[in-house]
Amino acid sequence: MVLFWLAFPVLAFLLFLAISAVHFGIGDSQSGAFLQRGIQSLAHGGLVVVGVSLMHRPEVDPIFAHLVAGETSLLWAALSIAAYGLAAILLAYAVLACRHPKLRLRFGELAGLALAYYLLPPLVGFALYFCVVHSVRHVRHLWNDLGDSTYGARRMLPLAVLFTVASWLAAAVTLWLMPAAETLDGAILRVVFIGLAALTVPHMILVDGLFRRLPQNPDNTADSGIT
């Protein structure tokens, strides 16, 4: 994934945004019929990716420029087109929330996040969502599902610490090896976002592609974001 990004930065970044939206959306949606689940997923995932970017375009454009070597016109064209689809999806989600009471709390969460995305700087808004909403929910679901299997807490916690430390060490080494001409802010942005892409692609394949197909504990999957 890192090599692909370095060779085709614009294409890699667009794919990263797309798979991130899908992954976030699946994690935040509730169980239901295929169409209902799809609308929820596209609304939640699309808002954090497309919404944050377009709400703060002047602030986001320099960030994108660091990540794709200055070529951002194609990115903004794709995001602008996606915005029309997102608007339709949000309207459909509002209709669903009116008709199905169980969706109203999660729709209210999305509305609250939309306000936060608008008021906060883009990286702060994304960090709020990623750390406080997505990661907490995602880890809880995985913990509940894996906790009743052979992968108990005593096996999961050391692995989590190991991979966390390894990721930080890899990021530190990469930052140290960055060209001297690269600004510190630009180098950190590239390391963080390209590193996230390198982790997100296999993570999504594992969690959304393989793990959700395994037999789950029925007590833990009623509102799971990975089933």
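The values are calculated or read from the model by the stated rules, or taken from the named source; none is laboratory data. On a predicted model such as this, the values are computed, not experimentally measured, just so you know. Using ideal geometry, Cβ is built from the backbone for each residue, glycine included, and neighbour counts are taken over all protein chains shown.
Look at (1) under 17 Å from the mean Cα position of the chain (by Cα); (2) surrounded by fewer than 18 Cβ atoms within 10 Å (Cβ to Cβ) and you find that LEU11 fails only one, number (1).
Among the residues that make up the range 168-182, is at least one of them surrounded by 13 or more Cβ atoms within 10 Å (Cβ to Cβ), modelled with pLDDT of 80 or more and out of contact with any helix residue (DSSP H, G or I) (no Cβ under 6 Å at 6 or more places or on another chain)? There is at least one residue in the range 168-182 that is surrounded by 13 or more Cβ atoms within 10 Å (Cβ to Cβ), modelled with pLDDT of 80 or more and out of contact with any helix residue (DSSP H, G or I) (no Cβ under 6 Å at 6 or more places or on another chain). Meeting the requirement of 2 or more residues that are more than 28 Å from HIS203 (Cα to Cα) and out of contact with any Leu (no Cβ under 7 Å at 6 or more places or on another chain), the helices (runs of 4 or more DSSP H) wholly within the range 59-144 are 73-99, 104-119. Selection of first residues in the range 120-132 that are more than 18 Å from ASP185 (Cα to Cα) and at pLDDT below 90 and of second residues that are surrounded by fewer than 17 Cβ atoms within 10 Å (Cβ to Cβ) and among the hydroxyl-bearing types (Ser, Thr, Tyr), restricted to Cβ pairs under 9 Å at least 6 apart or on distinct chains, gives an empty result. Each residue in the range 15-57 was checked for being over 20 Å from LEU113 (Cα atoms) and surrounded by fewer than 17 Cβ atoms within 10 Å (Cβ to Cβ), and 6 of them qualify. Scanning the range 100-125 for residues that are within 20 Å of the chain's Cα centre (by Cα), farther than 25 Å from ILE63 by Cβ and of a type in the set (A, V, I, L, M) turns up just one, ALA111.
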